[in-house]
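Input: a single structure, listed below in structure tokens.
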Amino acid sequence: VRLHNCGIWRPKSLLDTSRFTLSFNSQYRKNHQDSQALWKHEAVQKYLESLNKEYQQVSHLLNADSINEFEQRTLRRRCADLSPIAAAFQKLKEAEREVQELEAMCRELDGRDEKQLLELASEEKESLDKKVNMLCRKLFQLLVPKEKYDRSHVVLEVTAGRTTGGDICQQFTKEMFEMYQNYADYKRWTFDIVNYTPAEIGGLHHAAAHISGEDVFRHLKYEGGTHRVQRIPETGLSSRMQRIHTGTMSVIVLPQPEEVDVKVDPKDLRIDTFRAKGAGGQHVNKTDSAVRVIHLPTGLAVECQQERSQQLNKEIALRTLRAKLYQQIIEKQLSQEQSARKLQLGTRAQAERIRTYNFTQDRVTDHRISYDARNIKEILNGKEALDKLINRLLEFAEIEAVTEYLENLKALEGRGG
């Protein structure tokens, strides 16, 4: 607890926290909590009441004549921070009161055996429940601070697993890359392929793309990691055995701020050219338009074969290289124990998988939040079903951030501030 200007005592707010490192290993994972369940928690209610009370105090003090210009600026900033939270809190309270009134009405109608009216009231209650859930989600989004790179564009890479599955990994990697391409289209983002290395049997070894648009990193940041597939192969020698095969592929998602100012000494670069291979038009395999740039001090290598022009491919590859070097700078600044690349990629072992796509059971399981989704084809289609799964992850992360903060606040109060 700390003292603010104008004598207002309050707990340190989530709004003052510049960055949260969200972990999916919390004990709350087992409870399958949603926004409404957390909203009803006593500690959350107490915390929100304190913020609402502070907003009223700040608003009152802003109208006082006794405060100086500096205090007024401070209060205005704080009022701007608290205003959307207080408004969402009040809307949620009103919606809850409406739900309670409808519940009382339903009980009364049920007792009088008014079936038609009861049906109408039940429908309205269902609609109100959805509204409450939406308001809860909005409130927690306001409480959780935005991560620094949430609005950034990204570099997305996919790589077929090298340890298990053989051709099944390459086919699955192609499906996953197309899923993210479709998702970008669904979200109205721009998806520019910068590297595409196909496999001989029609799958994909490796591919990379720049994805730009609104809040791209926010939606894709939890996609990085090892994805596992379980299916009976449809083509190749293994398809004759009619046996379930298991394979893996990995996804890497790196934020790419719009302005990446990283100086690269040309002496530190080795630039190779080669013929493009893959879905790229008539120029494929006819000219040495593809470019590979290797940063000798770090060993980072980037390829681009998107354009017909070797010069354009070189510029795109250099931009991607700067983004990766910038990522290394970010990691050092945040003092992370492991790089984002290593955290997402791991060793590609199945034990480190974040998600399993089981075709025989038509089920996708996200192991971090113990969440099952049906209809694999709809998810791989990269539209509404995938968006629902991604939003479930985001909601879980928001809930965990609020829970973690309240636990820390409780521990701080227990030690006497």
Going by the structure shown, is Glu147 out of contact with any strand residue (DSSP E or B) (no Cβ under 7 Å at 6 or more places or on another chain) and in a helix (DSSP H, G or I)? no
Confirm whether Thr173 is farther than 30 Å from Ile379 by Cα, hydroxyl-bearing (Ser, Thr, Tyr) and open to solvent by less than 40 Å² (accessible area, probe 1.4 Å). no
Got at least one residue in segment 227-241 being touching a strand residue (DSSP E or B) at 6+ places or on another chain (Cβ under 8 Å), at pLDDT 85 or above, in the same structural domain as Gly202 (by the TED database) and β-branched (Val, Ile, Thr)? yes
Could you give every pair whose Cβ atoms fall below 9 Å, whose first residue belongs to segment 168-180 and is touching a residue at least 60 places away in the same chain (Cβ under 8 Å) and closer than 15 Å to Phe191 by Cβ, and whose second residue is part of a helix (DSSP H, G or I) and open to solvent by 10 Å² or more (accessible area, probe 1.4 Å), counting only separations of at least 6 or pairs across chains? Met176/Leu380; Glu178/Leu380; Met179/Leu380
Residue list for segment 173-208, filter: at positive phi and not basic (Lys, Arg): Gly202
What's the number of the condition Tyr149 fails, among (1) over 17 Å from the mean Cα position of the chain (by Cα); (2) not assigned by the TED database to the domain that holds Val364? (1)
I'd like the residue in segment 248-302 that is farther than 18 Å from Thr197 by Cα and in contact with a Phe, Trp or Tyr (Cβ under 6 Å, 6 or more places away or on another chain) and, out of all such residues, is modelled with the lowest pLDDT. Val260
Quick check on Cys136: is it closer than 30 Å to Leu220 by Cα and open to solvent by less than 100 Å² (accessible area, probe 1.4 Å)? yes
Against the definition (surrounded by fewer than 19 Cβ atoms within 10 Å (Cβ to Cβ) and touching a helix residue (DSSP H, G or I) at 6+ places or on another chain (Cβ under 9 Å)), how does Ile211 come out, yes or no? no
Collect the residues in segment 125-162 that are touching a Ser or Thr at 6+ places or on another chain (Cβ under 6 Å) and of a type in the set (Gly, Ala, Ser), keeping them in residue-number order. Ala160, Gly161
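The values are calculated or read from the model by the stated rules, or taken from the named source; none is laboratory data. Because the structure is a prediction, the values reported are computed rather than measured. Cβ sites come from the backbone with ideal geometry, for glycine too, and all protein chains shown count toward neighbours. To get the accessible areas, we keep the full protein, side chains included, count just its heavy atoms, and leave off ligands, DNA and RNA. Shrake-Rupley method; radii C 1.70, N 1.55, O 1.52, S 1.80 Å.
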